[in-house]
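What follows is a short report on a single structure.
None of the figures in this text is laboratory data; all of them are computed from the coordinates on show. Small disclaimer: the values here were computed from a predicted structure and weren't measured. All Cβ positions, even for glycine, are placed from backbone atoms using ideal geometry, and neighbour counts span all protein chains on display.
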């Protein structure tokens, strides 16, 4: 023992002993209280990540369905429901993938299922197909008229506004109210049943607008401009919204 | 100074070499440290490194039809109690009336969809807002946890260690988005995990899988080619309660200013 220790005052020696005991106790107890793996990945027990992933799938995913039911998924892919996952309607089917016989999918054939998406609600986005089920072929099941894997409206919409309501409403209050949609857009008839396959065409250059707006001899009372001097570096719709041209 | 001037050419070169070698030391040590951080999964079939990812979700309000298939799928996938008030994700409907009043409803989290409101005549605009844990990059829930049971993983997902959660509910109070609840049986905090068990195996979360209109987009935040990055580039993006500086990783396109 170094000879300076006995020379320390009694109270200091006792305090030092206490400090040493506390420090040793801390060093012994600390590892017992800290869970294994704490701090390896961050301020948490790294084994918690293993707990988080130890959970069974309930939804198998569309890719799993496709492995056996490729006839149905290809039918689905060509129609309006192409983005739908099978399990949205048929329920969670991870069990069916494991044991196809034991676990059977749901087949919601009643009139109360389709309206979950297709009943009219004012909050639903414009253009999304909606019905008021109280007045829509009461007592008939939806699947009597509509094939759910390739649904087509039983009556093809006659007016563009059925789907493009937002545009129709802007156009109705603009100076272009009397310009028909097909004056600017040439639309293939197939667009009404397969909108993604047949796209509507749009004007591609300044001369199109110029037919009315840059030809003072056509007798039109539309505002006239000189195409060669009026902002020649831009196309018209970069500044003017064609469905509401007076909008700033 | 005298030493330096008197030093031999050989000595100067020697110490210069030492200096250059020293530059590489920290890098190799850091590389080793990174190596240590790699995570070994108990399940050998998982080949996923949390350090290689940064997850987020985009929600397109204009695409949401309020069918509630996401919240229904979430309840099934994650064994969330069926009773009301326990949700990891839910859908809210906003009605903004012409007198400026805002009505928000979410009947049973929309797991059975919505019913028509009786008087919809004076609605100025209305829309649906799906909600879930925002997986904040600066999460208040993690800060308040007294036992380190809730944490942000390296891939940006905020998770709960239910084995160490003591059920004190501090995190539930701290979450500004109301995204957490106390599980009635285990008495531990629960929340959206981005379906962590699915994403480590390369699948989408159940709500994204179930969404019929692709209103939810799940993906990498830091990879330029990811659908989520494209979504953020192509849309006007808002987050919930930006003033709180929680830095959410759930991004809303076409978010109305009335949404709280």
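The fewest-to-most ranking of A:43, A:81 by surrounding Cβ atoms within 10 Å reads A:43, A:81.
Where a ≥ b ≥ c are the square roots of the eigenvalues of the C-alpha gyration tensor, would you call the protein assembly as shown rounded, which needs a/c under 1.5, or, failing that, prolate if a/b is larger than b/c, or oblate? Prolate. Restricting to bridges with both residues inside the protein assembly as shown, how much of the DSSP beta-bridge set is antiparallel, in percent to the nearest 5? Of all bridge pairs located within the protein assembly as shown, approximately 85 percent are antiparallel.
Largest GNM mean-square fluctuation among A:138, A:11, A:238, using chain A with Cα springs under 10 Å: A:11. For region A:112-164, relative contact order (Cα pairs under 8 Å, six or more residues apart, normalised by length) works out to 35 percent.
The fewest-to-most ranking of B:44, B:161 by surrounding Cβ atoms within 10 Å reads B:44, B:161.
Calculate I(q)/I(0) for chain B by the Debye formula, one identical point scatterer on each C-alpha and no solvent, and give its log10 at q = 0.15 Å⁻¹ to two decimals. Relative scattering, expressed as log10 I(q)/I(0), comes to -1.14. If you run the Gaussian network model on chain A, springs between alpha carbon atoms under 10 Å, then out of A:225, A:131, A:167 the most flexible one is A:225. Using alpha carbons only, how many degrees (0 to 90, rounded to 10) separate the axis of helix B:9-37 from the longest principal axis of chain B? Long axis of B:9-37 versus the principal axis of chain B: about 30 degrees. Classify chain A as rounded, prolate or oblate, taking a ≥ b ≥ c as the square roots of the eigenvalues of its Cα gyration tensor: rounded when a/c is under 1.5, otherwise prolate if a/b is larger than b/c and oblate if not. Since a/c reaches 1.5 but b/c is at least a/b, the shape of chain A is classed as oblate. Ordering B:177, A:241 from the fewest to the most neighbouring beta carbons within 10 Å gives A:241, B:177. Rounded to the nearest 10 degrees, what's the angle between the helix A:10-33 long axis and the longest principal axis of chain A, both from Cα atoms, 0 to 90? With rounding to tens, the tilt is 40 degrees.
Label separation (residue A:3 vs residue B:99): 9.7 nm, computed from points 7 Å beyond Cα along the C-beta direction. Between residue A:199 and residue A:43, the modelled labels are 5.0 nm apart [label points 7 Å from Cα along Cα→Cβ]. Label positions at residue A:185 and residue B:9, each projected 7 Å from the Cα along the C-beta direction, are separated by 8.2 nm. Out of B:212, B:248, B:84, any idea which swings most in a Gaussian network model of chain B, alpha carbons joined below 10 Å? Per the Cα network of chain B with a 10 Å cutoff, B:84 tops the list. Over the residues of chain A, the helix contribution to mean residue ellipticity at 222 nm works out to -9000 deg cm²/dmol, using -39500 (n - 2.57) for each DSSP H run of at least 4.
For chain B, what is the mean residue ellipticity at 222 nm derived from helices alone (per DSSP H run of n ≥ 4: -39500 (n - 2.57); sum divided by total residues; nearest 500 deg cm²/dmol)? Estimated from H runs of four or more residues: -7500 deg cm²/dmol.
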